[in-house]
Every structure is written in structure tokens, then in C-alpha cells.
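The structure appears below as C-alpha cells.
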Amino acid sequence: ELSALTLTILGMVAFLLIISQGMPIAFTFALVGAIGIFLLKGINPALSLLGSAPFTWASEGNLLAVPLFLLMGQFVFQSGISTELYNTAHRWVGRFPGGLAIATNLAATAFGACCGTSLGAAATFGAVSYPEMRDHHYSPRLSTGCICAGGSLSSLIPPSVPFIVYGVLTETSIGKLFIAGIFPGLLLSFAYLAVIIAATRLNPQLGPPGPSYSWKERMA
């Protein structure tokens, strides 16, 4: 008879092998978990869990916020607000060395308060800001780096989808998690800005200064 530890190790190995073949992670978790419970407890507990667990997790009220935050991020993208955020930051700081990268980081910080997914933020600013930086001969490493780094802020600055999932799994107050993420998110954003400014000061070719705009255009 296999011990629980042995089954755990075998389950982890089986999980990695199955997802390496392309099966979605959710189904892999369900399959490996059900087989493990079957070997430990028998067929009836395994079938009972397969029948009840999906409904139990899907009916968790706090998880309803996840698709709604994703929908809000889609509204922001489709309405052009994300582009306006970038254009506003561009007009204020674009004239400095690395200004377009700084504008990307600032806009991504603001966008993080609207959408809780890093992939969505990175995809949005990859489409909005990368062509602009490419046209101004920015270093591809700096351009893609600041987009990916800025996108990661959406997982920390509330609303954050990972915070919601973590709060549901650990029964932690999601509101407190959101509040706890504000300062670290802003601190990380300022750290990214400091790195961009330092890198472009040391090597201006990484991010040449962009055009300057009048105060009227900035305020508009």
C-alpha cells in the first residue's frame, strides 16, 4: 500500500507530465486529485468530490468580482481610456530622456487601478506604447522591459485578481488585501521609474528624448 507522501510525489510527477502534453491546468488538477483520492479513500469519495467541488468553488460569491474586473478592463481598453492615459503621460514627460518609457510606467500604474490582470495590462500597453517607442528608436530591451514591468503592477495595485483568489483560498479579507497592496504597488512603480531614469541618464541612446508639448496641450 502506498503512503500519502509517496502518492503526493507521484501526483506531482504525473501533474507535470500531463500539463507538458498540453492538457489545461484545471482539468489536470481535477484528474490527478481524483485519482489520488481514489487510491487513498476509494471510488465513492473521489466521485463525490468531483461532483461537489466544481459547484462549491464556482458558487463562491467573492469570485464574481474576477470577471467583472476583467470586464472593466475591457471597457477601459475598448473606450480608448488606456490610450488617453498614455498620451497624457507622454505629453508631460515624453520630452525627457526615457520619457516614453516613463509615460508607459505611469499609464500602467493608473491602468492597474482599473484592471486586475497583468496579462491584460501588458497586452494593452504593448499595443499602445511599443509602436511609439519603436518609432522614436528606443532600445527594444527597454521598451519591452518597461511594458512587462508596468503590466505586473496590475497584480498588486487594487483591484487585483490574484488578491481575490488568494483571499478566497485562505479566507482572508479581500478588502484588507486590497488596502495592503496600495503602498507596495506605488513603491514598485516608483522603483521602476528610478531604474528607467538612471538607465537613460547613463546611456541616453536607450531612450532618446521625445517632442516637447505646450502647457495648453499638456493640460488638455
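Taken over the stretch 72-220, the ratio of Cα radius of gyration to 2.2 N^0.38 Å equals 1.07. On the stretch 1-94, 74 percent of the accessible area sits on carbon and sulfur atoms, based on a 1.4 Å probe. Test of understanding: in a Gaussian network model of the chain with alpha carbons linked when under 10 Å, which of Ser160, Ser79, Ser20 would top the mean-square fluctuation ranking? With Cα springs under 10 Å in the chain, the top fluctuation among Ser160, Ser79, Ser20 is at Ser20. Round to the nearest 10 and give me the degree value, 0 to 90, for the angle of helix 140-152's Cα axis relative to the longest principal axis of the chain. On a 0 to 90 degree scale, this one is about 50. Semi-axis lengths, largest first, of the ellipsoid equivalent to the stretch 83-160 are 20, 13, 9 Å, with √(5λ) applied to each eigenvalue of the Cα gyration tensor. Helix 99-112 versus the longest principal axis of the chain: what angle, 0 to 90°, nearest 10, using Cα atoms? That works out to roughly 40 degrees.
Rolling a 1.4 Å probe over the heavy atoms of the protein chains gives the stretch 6-57 an accessible area of 73 Å² per residue. Report note on the peptides 191-204, 61-74, 41-54: ranked by the mean count of other C-beta atoms within 10 Å, highest first, their order is 191-204, 61-74, 41-54. Normalised by 2.2 N^0.38 Å, where N is the number of residues, the alpha-carbon radius of gyration of the stretch 1-160 equals 1.47.
Given R0 = 30 Å, the distance between the Cβ atoms of Ser20 and Leu119 translates into a calculated FRET efficiency of 0.90. Each Lys and Arg contributes +1 and each Asp and Glu -1, all at the Cβ; summed about the Cα centre of the chain, the dipole is approximately 580 debye. Considering the chain as a Gaussian network with a 10 Å cut-off on Cα pairs, which listed residue, Thr88, Thr117, Thr28, attains the greatest mean-square fluctuation? So, out of Thr88, Thr117, Thr28, the one fluctuating most is Thr28.
Let me have the relative contact order for the stretch 116-198, percent, based on Cα pairs under 8 Å that are six or more residues apart. Here the relative contact order equals 32 percent. Estimated from the Cβ-Cβ distance and a Förster radius of 41 angstrom, the FRET efficiency linking Thr8 and Tyr213 is about 0.10.
For the chain, the longest principal axis of the Cα atoms and the long axis of helix 118-128 meet at an angle of about 30 degrees. Entry note, the chain: the mean residue ellipticity at 222 nm calculated from DSSP H runs of n ≥ 4, each adding -39500 (n - 2.57), is -24500 deg cm²/dmol after division by the residues and rounding to the nearest 500. Here the extension length gained between Tyr166 and Ala58 equals 37.4 nm, from 0.36 nm per residue of separation less the Cα-Cα distance.
The values are calculated or read from the model by the stated rules, or taken from the named source; none is laboratory data. Since we're looking at a predicted model, the values are computed, not measured. A quick note on method: Cβ atoms are made from the backbone with ideal geometry, for glycine too, and the neighbour counts reach across all protein chains shown. Note: areas computed on protein heavy atoms with side chains; ligands, DNA, RNA excluded. Shrake-Rupley method; radii C 1.70, N 1.55, O 1.52, S 1.80 Å.
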